[in-house]
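One structure is given below, encoded as C-alpha cells.
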Amino acid sequence: MDDDVELHRLRERVYGAEGATATPDMIERLAELEERARRSAVPVTVAAPAPVGALDPTRPSSPVGPRADPSTASDAYALSEPGTSEPDGDVDRTRATIPDATASPPRRLLRIIATVVGALVVLGIGIAIGASTAPTVAATPDPAAAALPELTFPQTVEDVISAEILRDSGIDAGSTRYIATVSDFRIYLAQPDDGDGRCIVTFTSTDNRPWSAGCASGAQEGAAIFGVDESLTVAIGDPDGSDVTGIPIRLSPSVTAYVAQ
C-alpha cells in the first residue's frame, strides 16, 4: 500500500471519530509514517482545505468547541511525536487571550474609589475651613463680674443672709457672698437692690447677730471703705495708704481687711 494512502487512512482512524478503537500498533505506525514524511520533506496531499476555525492538533485545545477533523488538516497541522517540543517562539494563544480576572481590580472600580476618597477629603477640608472662619460671638461682659468677681460664683447656703434681716437695708439678699471671718466678725460682700454700688455686711461670729451694713454708690470712684469697729476696717478695692491704717489682710480679689495694731 502506498505510504501516503496509508498515512491518510491511519489519521482518519486515530484522529477521527473512531480514534478510540485505534490499536497501539496503528498509533505506532502513524507516528513512523509522519516522521518519514517530515524527513523526506514531501508535503502530504490535502484532500480539501481545512475548515475555518479548525483546531491545530499541535496547539493546546480550547476548553470549548467541536473537535477538528484530522482528515481535512494539512501535514503542517500534524501532531508531534511524543517527547518533541514546540518550536521556539510558538505562542500559547489560548492562554494569551484569557485575561486574568484576579490580576488587578477593574479600572472603573478604582476610579469610583478614588472619586469617593477625594470627595471625602474635600468635604473634611471644607468643614475645617468653615469651623476656623466661623464668626465667634463675644460674650457680653458682666459689669458686676468685672468689678466684683466674687459675685460671679453661685450663691451657696453659707452666703445666704435672711431676707427679713436685710428687708430695710436696701441690699439685694440674692447678692450676698460670705468672704471671711476676721476679729470675731463674719464679713459679707453684696450689692444694693438696684445693682448700682458695693456693700459690706457684718455679723458677730460668736452669736451670729447682725452688726453693721453699709453701701457705696456706683458713682463713687476708688475704693469703698467701711469701718466695722475701732480695730477693724474693710475696704472694697485698693485704697490709698493714707486713707486707712492697720495691717492689711487680703480676703478675696476685691475685699481687704485692715486690722489695727
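For D25, what charge total do you get from the other residues with a beta carbon under 13 Å from its beta carbon, if Lys and Arg give +1 and Asp and Glu give -1? All intermediate terms of the calculation are to be shown ahead of the outcome.
Values: positive: R13, R29; negative: E6, E28, E32.
Its environment carries a net charge of -1.
Whole-Hz ³J(HN,Hα) for each residue in the stretch 224-233, computed from phi via Karplus 6.51 cos²θ - 1.76 cosθ + 1.60 with θ = phi - 60°, x for glycine and proline: what do you get?
9, 10, 10, x, 8, 8, 5, 10, 9, 10
Rounded, prolate or oblate, given the Cα gyration tensor of the stretch 163-261, with a/c below 1.5 counting as rounded?
Working: a/c = 2.02, a/b = 1.18, b/c = 1.72.
Note, shape of the stretch 163-261 comes out oblate.
Enumerate by residue number the trypsin sites (Lys or Arg not before Pro) in the stretch 153-244 meeting two conditions: DSSP loop (anything except H, G, I, E, B), and at most 15 other Cβ atoms within 10 Å of the site's Cβ.
On the way: sites: R167, R177, R186, R198; in loops: R167.
For trypsin sites (Lys or Arg not before Pro) across the stretch 153-244 that sit outside H, G, I, E and B with at most 15 neighbouring Cβ atoms in 10 Å, the list reads R167.
Hey, what do the phi angles of the stretch 33-40 turn into as Karplus ³J(HN,Hα) couplings, whole Hz, using 6.51/-1.76/1.60 and θ = phi - 60°, x for Gly and Pro?
Each residue of the stretch 33-40 in turn: 5, 5, 5, 5, 5, 5, 5, 7 Hz.
A short reminder: the numbers here are calculations on the coordinates, not readings from a lab. Being a predicted model, the structure only gives us computed values, none of them experimental. Glycine also receives a Cβ, built like all others from the backbone with ideal geometry; neighbour counts cover every protein chain displayed.
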